[in-house]
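**Student:** Sharing a structure with you now.
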Amino acid sequence: MWPAVLAASFLAFVTKWIGYLLPEELLERPLIRRAAGMLPIGLLSALLSIQTFWSPDGFTIDARAAGVAVAVVALLLRAPFLVVVLSAAATAAVLRALGWA
Amino acid sequence: MNAGPPAADGERVGGEQRDPGRPAEAEGAPAQANPDGIPSRALSIGIAVGAYAVSFGAVSVAAGLDVLQTQALSALMFTGASQFAFVGVVAAGGGLVAAVLTAWLLGLRNGLYALHMATVLSPRGRPGKRVTGLRRLGAAQFTIDESTAMAMTYEPDAEASRRAFWATGWSVFLLWNLGTLVGALGAATLSDPTVLGLDAAIPAGFLALLWPRLVDRSAWALAVVSGVLALMLAPHLRPGVPVLAGAGIAVLGALWLTRGRAS
């Protein structure tokens, strides 16, 4: 685990550091602008679907999906980040405590 | 860090107008920001982000990292979405290489902020001069969504912009790490993290990070395709790899849209 933690941290830092060395004009390239905006969307969406619906047994709808559904409602109500995360966790915890999921 | 309530609606990520050096937080800021408010705004952003860090610390320990490793991520990697992604991939059994790659790809946008901040943080705002030396190392570590957004809020005033960057960087760094420690120590006392629903907190965190970016049809299309594709690939590939497919789709989408605009 430690090599991965340190390698990922190193990459994160070097990426920013290199940004301080390169010319700012790179930001004017349309492809770079596009890719910069879209990369987080593709990754976050893939992470979201895997973490919500995937388990070692395959596709699963369980307490996590219920938690994420409540998180959607919280976001629609413009709740702050922590409330969104806590509402999802609380939903999953309560469903499990009740034995419903 | 890419976290916290300041991430207001209105970011045009996939859109034509978007400035990649401009994080979501900058959009909600008042047009005429008063530099006197920098310390209190920096502190309130730090507190909001610190609260989020508590959930990161908890899910990281729940994912199997120990308290020290969790703290190392917050102190060294110091970019929330990447940290969440790293522990998320580890929690899903995705392997460490996939965890490192996913975290890195998510952190690439910080490199674009750096391109912009290099000029903003130049000594006494002299055009053409760029920040150098030790100061550059510190600036690189502090170049995240919140600090960049705050700096941009005060941008026409070069001195205020630099102060805003450093004040927010310090505030977020200290409170992010404090929050992480609280969350990690708290979760370390639990025997089974699923009791508190921490496994549901991970996708909810990704959702909250994704939400402000879903501002136009191309963003929605990309999100749906990436999400569905990852689930379709999951039975056939090693855990963690389907997530990286989301990055591939994003780059293909960017290529396609850029090409369409040029013609």
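The values are calculated or read from the model by the stated rules, or taken from the named source; none is laboratory data. In this text the structure is predicted, and so the values were computed from the model without any measurement. Virtual Cβ from ideal backbone geometry, glycine too; neighbours counted across all protein chains shown.
**Student:** Here is a list: A:Pro23, A:Pro40, A:Pro80. Which entry is in the same structural domain as A:Ala97 (by TED's automatic domain parsing) and not aliphatic (A, V, I, L, M)?
**Tutor:** A:Pro80
**Student:** Any residue at all in the stretch B:132-148 that is in contact (Cβ under 8 Å) with a residue 60 or more places away in the chain, surrounded by fewer than 24 Cβ atoms within 10 Å (Cβ to Cβ) and among the acidic types (Asp, Glu)?
**Tutor:** Checked against the condition, which is being in contact (Cβ under 8 Å) with a residue 60 or more places away in the chain, surrounded by fewer than 24 Cβ atoms within 10 Å (Cβ to Cβ) and among the acidic types (Asp, Glu), the stretch B:132-148 yields no hits at all.
**Student:** Next question, about the same structure. Counting just the residues of the stretch B:229-250 that are facing chain A (nearest Cβ under 7 Å) and β-branched (Val, Ile, Thr), which one comes out farthest from A:Ile50 (Cα to Cα)?
**Tutor:** For the stretch B:229-250, the residue satisfying everything is B:Ile249.
**Student:** Residue by residue through the stretch B:81-121, note down the ones that are at the interface with chain A (Cβ under 7 Å from one of its Cβ atoms) and in contact with a Lys or Arg (Cβ under 7 Å, 6 or more places away or on another chain).
**Tutor:** Passing the criteria: B:Asn110, B:Gly111, B:Ala114, B:Ala118, B:Thr119.
**Student:** With the requirement that a residue be out of contact with any Lys or Arg (no Cβ under 8 Å at 6 or more places or on another chain), surrounded by fewer than 24 Cβ atoms within 10 Å (Cβ to Cβ) and at the interface with chain A (Cβ under 7 Å from one of its Cβ atoms), what does the stretch B:182-198 give you?
**Tutor:** The answer is B:Leu196, and nothing else.
**Student:** Mind checking which residues of the stretch A:68-91 are in contact with a Ser or Thr (Cβ under 6 Å, 6 or more places away or on another chain) and over 10 Å from B:Leu207 (Cβ atoms)?
**Tutor:** A:Val70
**Student:** Which residues, taken from the stretch B:132-186, are within 24 Å of B:Val67 (Cβ to Cβ) and either in contact with an Asp or Glu (Cβ under 7 Å, 6 or more places away or on another chain) or among the aliphatic types (A, V, I, L, M) (or both)?
**Tutor:** Listed by number, the residues that qualify are B:Ile144, B:Val172, B:Leu174, B:Leu175, B:Leu178, B:Leu181, B:Val182, B:Ala184, B:Leu185.
**Student:** Let me ask something additional. Does B:Ala99 fit the bill of being in a helix (DSSP H, G or I), in contact with a Phe, Trp or Tyr (Cβ under 6 Å, 6 or more places away or on another chain), of a type in the set (A, V, I, L, M, F, W, C) and in contact (Cβ under 8 Å) with a residue 40 or more places away in the chain?
**Tutor:** Taking the combined requirement at face value, the residue satisfies it.
**Student:** Just to verify a result, which residue in the stretch B:199-226, among those that are more than 7 Å from chain A (Cβ to nearest Cβ) and assigned to a helix (DSSP H, G or I), is surrounded by the fewest Cβ atoms within 10 Å (Cβ to Cβ)?
**Tutor:** Out of the qualifying residues, it is B:Arg217.
**Student:** Mind telling me which of the residues A:Gly19, A:Gly42 ends up being without any contact (Cβ under 8 Å) to a residue 40 or more places away in the chain, under 15 Å from B:Leu255 (Cα atoms) and within 7 Å of chain B (Cβ to nearest Cβ)?
**Tutor:** That would be A:Gly42, the only listed residue that is without any contact (Cβ under 8 Å) to a residue 40 or more places away in the chain, under 15 Å from B:Leu255 (Cα atoms) and within 7 Å of chain B (Cβ to nearest Cβ).
**Student:** Another question about this same structure. Sort through B:Ile47, B:Ile38 and tell me the only one that's over 18 Å from B:Tyr154 (Cα atoms), at pLDDT 85 or above and out of contact with any Phe, Trp or Tyr (no Cβ under 7 Å at 6 or more places or on another chain).
**Tutor:** Residue meeting the stated conditions: B:Ile47.
**Student:** So which residues in the stretch B:227-244 are assigned to a helix (DSSP H, G or I) and in contact (Cβ under 8 Å) with a residue 24 or more places away in the chain, if there are any at all?
**Tutor:** Answer for the stretch B:227-244, where residues must be assigned to a helix (DSSP H, G or I) and in contact (Cβ under 8 Å) with a residue 24 or more places away in the chain: B:Val241, B:Val243, B:Leu244.
**Student:** Something else about it: Does A:Ala93 count as of a type in the set (Gly, Ala, Ser) and surrounded by fewer than 24 Cβ atoms within 10 Å (Cβ to Cβ)?
**Tutor:** Yes, satisfied.
**Student:** Further question: Quick one: count up the residues across the stretch A:1-16 that are among the hydrophobic types (A, V, I, L, M, F, W, C) and more than 7 Å from every other protein chain (Cβ to nearest Cβ).
**Tutor:** Matching residues across the stretch A:1-16 total 3.
**Student:** Quickly run through the stretch A:42-61 and pick out the residues that are farther than 26 Å from B:Leu108 by Cβ and either surrounded by 19 or more Cβ atoms within 10 Å (Cβ to Cβ) or under 16 Å from the mean Cα position of the chain (by Cα) (or both).
**Tutor:** Within the stretch A:42-61, just A:Phe53 meets the criteria.
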